[in-house]
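The values are calculated or read from the model by the stated rules, or taken from the named source; none is laboratory data. Note that the structure is predicted; figures quoted are calculated from it, not measured. Don't worry about glycine lacking a Cβ; one is built from the backbone with ideal geometry, like all the others, and counts go over all protein chains shown. The protein model used for the area step is the full one, side chains on, heavy atoms only, and it has no ligands, DNA or RNA in it. Shrake-Rupley method; radii C 1.70, N 1.55, O 1.52, S 1.80 Å.
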Amino acid sequence: MNLHEYQGKYILRQFGVAVPEGVVIDHPSKAYEAAKQVKSVAGCDSFAVKAQIHAGGRGKGGGVKIAKSIEEVTPYAEQILGMNLVTHQTGPEGKTVHKVLVEQSIYYPGESEIQEFYMSVLLNRATGRNIIMYSTEGGMDIETVAAETPHLIFKEEVDPKVGLMPFQARRVAFNLGLSGKAFKQMTKFVASLYKAYVETDASMFEINPVFKTSDDLILAADCKVNLDDNALYRHPEYAEMRDITEEDPTEVEAGKYNLNFVKLDGNVGCMVNGAGLAMATMDIIKLSGGDPANFLDVGGTANAETVEAGFRIILKDPAVKAILINIFGGIVRCDRVAQGVVDAYNKIGNIEVPVIVRLQGTNAQEGKELIDASGLKVYSAITLKEAADLVKQVV
C-alpha cells in the first residue's frame, strides 16, 4: 500500500526521523492558516506548497512551488489543488490533486552549503537481507544515477537477525562525505529510518532527497513509503491511511472480491488460480501471438461469484479481444469452476469476446463436457497446447 508524502512523514516523525514542519490541506481557503501554523512552530518565512499524489516528478510537472512569503501560499495552493498533474510516473493521463502539503522551506540562508542525498531501505530478495541504498546524488531519479554514474551508488546490507549495527550507520555517513555535526546527525537519521522500515512492516522507504541544511541538520525533504499489504492487520492505524482515489479503480474493485489483479497493456484477458500458473498463462498468450491484458489470480477457492467478478473486471478493458481461463483443479473441482463459468456467462450476457476455458486436474473431463454442452460461445481445452492454439485462432 502506497502512502502520500505527508503520511510517510507522519510515520517517520514517530520513529525520530527529522522532517520539516508541515500541514496538509484540501482547500485553498485553508492555506493561509496552515502557513501561519507552520511558521509558529518552525519560525520560517518561506514555504513549500507540494501536491500530494502517489507519483514522483511532481516538481517538474508543476506540482511543487516555493512561496517566498506567507501571502504567496494561497495563490500557489489555488494553482495546484484540482490540477491534473502529469509526471513521468503518472503517464500522460496524469492524476488529479486533491490535497497539498504546506511545509516550511528548508532552503534558508547559506544555500551554498546545503547538500542533497538519496537514501532508501528495502529488501534484497537475492540475499534475503534488508539493504540501505544511498548516494550523494540526491534530488535525481535513482535510475538515471544508476545508468550514468553507478559508482556513486552505495549499498549497506543488514542482516535482519542482528539488525543495523552502529558501525554501518557511521559507514553510510562517511561514504556521503560528512563530518562533525552533520556526521552525527546522519548516523542518527539512518538508524531511525531503518527502525521505521522494520517496525512498520514496510516494503520500501525512499527518501529523495535527504537534505543537509546550511547549519548541518539532516532532514527527510521528501519520502515515498510502501507498506506490505499482508502485514496491515498488525497496523490498523496505517491501513486507515489508504487513499483509493490514487489507485486503479479496477484493482480496487478486484480487491473487494479478494482477487489479485494487475492491469497490463495487452489484448487477451486471463483468469487463473495460482500466481505461478498465471505467469505461465501469460507466457502462453505471448507465444500464441497475443499480449496479456492483465494478471488475475482468483485463488484456490474459485466459485461462481468470483468467476463472475473476474469476468466483469476483465470486460471493462476495451482492448480485450479474448479471455483465457486457465484453472488447475486441486483444491477446487474443475466441474464446479465450469459451472461457475456457464452461470456467470448467462448472468452477465452480451459477452462479445471469445472465451477459452482450459481445465486440468480434478474432474477436468466433466468440466469440459459442461462447457461443450452449454451452447455458449465458450471454447474448452484440456492441454496447454490446445489453449494456445485456440488463443492463436481468435486473436
Expressed as a fraction of 2.2 N^0.38 Å, the rule-of-thumb size for a compact globular protein of N residues, what is the C-alpha radius of gyration of region 245-294? 1.20
Explain nothing, just the number: relative contact order of region 13-88, from Cα pairs under 8 Å at least 6 residues apart, as a whole percent. 32
Have a look at the chain and give its Rg and Dmax from the Cα atoms, expressed in angstrom. 25.6, 80
Dipole magnitude (debye, nearest 20) for region 1-119, charges at Cβ of Lys, Arg, Asp, Glu: 260
DSSP loop GluC sites (Glu not before Pro) with at most 11 other Cβ within 10 Å: longest gap in the chain: 94-239
Non-local amide H neighbours of R358 (under 5 Å, H modeled in plane, Pro and chain starts lacking H): which ones? I325, N326, I327, A381
Long-range amide H contacts for V158: which residues qualify at under 5 Å (H placed 1.01 Å from N, peptide plane, sequence gap of 5 or more or a different chain)? N130, I131, I132
In square angstrom, what is the accessible area per residue of the chain with a 1.4 angstrom probe? 47
What's log10 of I(q)/I(0) for region 17-125 at q = 0.16, 0.23 Å⁻¹, Debye sum over Cα points only, no solvent? -0.76, -1.22
Alpha-carbon Rg/Rh ratio, for region 215-267, with Rh computed the Kirkwood way: 1.14
Unsatisfied cross-links (Cα-Cα over 23 Å) in the set K188/K224; K155/K184; K256/K347; K65/K155; K9/K195: K65/K155
For H151, tell me the accessible area in Å² from a 1.4 Å probe, rounded to the nearest 10. 130
So, in Å, what gap is there between the alpha-carbon centers of region 254-293 and region 28-60? 42
Excluding residues fewer than 8 places away in the same chain, name every one of the lysines whose C-alpha is closer than 16 Å to that of K368. K377, K385
Expected output is a single nm value to one decimal: the length gained when fully extending between F174 and E240, i.e. 0.36 nm times separation in residues minus the C-alpha distance. What is it? 19.9 nm
Treating only the Cβ of Lys, Arg, Asp and Glu as charged (+1, +1, -1, -1), what charge dipole size does the chain show about its Cα centre? Round to the nearest 20 debye. 540
Length released on extending from A275 to R312, taking residue separation times 0.36 nm less the Cα-Cα span: 11.3 nm
Past the 18 angstrom mark, what percentage of all C-alpha to C-alpha distances in region 280-328 do you count? 32
Could you give the length gained on full extension between A373 and K392, defined as 0.36 nm per residue of separation minus the Cα-Cα distance, in nm? 4.5 nm
Portion, in percent, of the accessible area of the chain that falls on carbon or sulfur, probe 1.4 Å: 51
At the level of C-alpha centres, the distance separating region 334-395 and region 173-193, in angstrom, is 61
Treating the angle as unsigned and between 0 and 90°, give the value, to the nearest 10°, between the Cα long axis of helix 31-42 and the longest Cα principal axis of the chain. 50
Rg(Cα) of region 147-258 divided by 2.2 N^0.38 Å? 1.32
Here the alpha-carbon Rg of region 1-63 over 2.2 N^0.38 Å rounds to 1.18
